[in-house]
1. When only C-alpha pairs under 8 Å and at least 6 residues apart count, what is the relative contact order of the chain, in percent?
2. Can you give the charge dipole size of region 86-235 about its Cα centre, rounded to the nearest 20 debye, using +1 on the beta carbon of Lys and Arg and -1 on the beta carbon of Asp and Glu?
3. Kirkwood Rh over alpha-carbon pairs of region 1-68, then Stokes-Einstein at 20 °C and 1.002 mPa s: what D in µm² s⁻¹, rounded to an integer?
4. Equivalent-ellipsoid semi-axes (√(5λ), Cα gyration tensor) for region 120-206, whole Å, largest first?
5. Less than 17 Å apart at the alpha-carbon level, and either on another chain or at least 8 residues along: which lysines does that give for Lys230?
6. Out of Glu111, Glu72, Glu190, any idea which swings most in a Gaussian network model of the chain, alpha carbons joined below 10 Å?
7. Once you have the Cα-Cα distance between Ala45 and Ser101, take 0.36 nm times their residue separation minus that, and quote the gain in nm to one decimal.
8. List the lysines whose alpha-carbon lies under 26 Å from that of Lys134, not counting same-chain residues fewer than 8 positions away?
Amino acid sequence: PTPESENGILLESTPVTALPGFDEGGFFVQDEASQICVEALGAEAGETIIDACACPGSKSFGAAITMKNRGEIYSFDLHENKLSLVRSGAKRLGIDIIETSGHDGRDYISELEKKADRIICDVPCSGFGVVAKKPELRYKSVADCRSLPDIQLAILENSSRYLSDGGYLVYSTCTLLPSENELNIARFIERNPEFCRVDFSVGELSSENGMLTLFPDTHGTDGFFIAKFKKVKHE
């Protein structure tokens, strides 16, 4: 069993499609860090969820299972061609509450204003937390990533407009750079005072000031950053 996530099983060097139950939709592949992110979201049956940058879909799947396939999940991604992974995965798993659409997370959709109970904002990032899986990232220049924080903040701020009063938003990356994580969170809070950070716990892990960083050498997961916000309800 995965040490912190209550739903995961660790397997080593196993071709997943050869395992019994894969074709029948008994499970899907997801790193424990991503599972922890979904558990931090805390989705409940009957809610409306937005997954702003969904592909390949594991967080949408995890949320749908937590919701017992009851409610609505809008799974967006900039790359329309990749959304077939979400649709085929949902079909295999027997999930029918996910609606997919190609969409740039920086562009506003007026129909979704304050419609979501919870939002997953797993933004595009430099990816330095998954070097173990993608060793070519060793040759990626940090200078090439300088535009990312502003893109991430734009997606976060735009997505936050879809959250209902009292709702929750989870921001996450698979990198360990402060400019994309803690510093971006500080910028968001400064510019959006109606949001406050809220602490969360998953297994034996607990956030600090609403933020949690997972390290491969410490937690045995991808390098991952999670922050959780609540939108203050105005009377």
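1. Details: 463 pairs, mean separation 46.0, N = 235.
Over the chain, the number comes to 20 percent.
2. Values: 20 positive and 23 negative charges, 57 e Å.
Computed charge dipole of region 86-235: roughly 280 debye.
3. Values: Rh = 13.0 Å.
The calculation lands on 165 µm²/s.
4. Values: eigenvalues 127, 55, 22 Å².
Result for region 120-206: semi-axes of 25, 17, 11 Å.
5. Lys230 reaches Lys114, Lys115.
6. Checking each option, the largest mean-square fluctuation is seen for Glu111.
7. Numbers: separation 56, 0.36 × 56 = 20.16 nm, distance 2.20 nm.
Using 0.36 nm per residue and subtracting the Cα-Cα distance, I get 18.0 nm.
8. Lys59, Lys82
The values are calculated or read from the model by the stated rules, or taken from the named source; none is laboratory data. What you see is a predicted model; the values in this text were computed from it and never measured. Neighbour counts run over all protein chains shown; Cβ positions are idealised from the backbone, glycine included. What goes into the accessible areas is simple: the full protein's heavy atoms, side chains included, and nothing from ligands, DNA or RNA. Shrake-Rupley method; radii C 1.70, N 1.55, O 1.52, S 1.80 Å.
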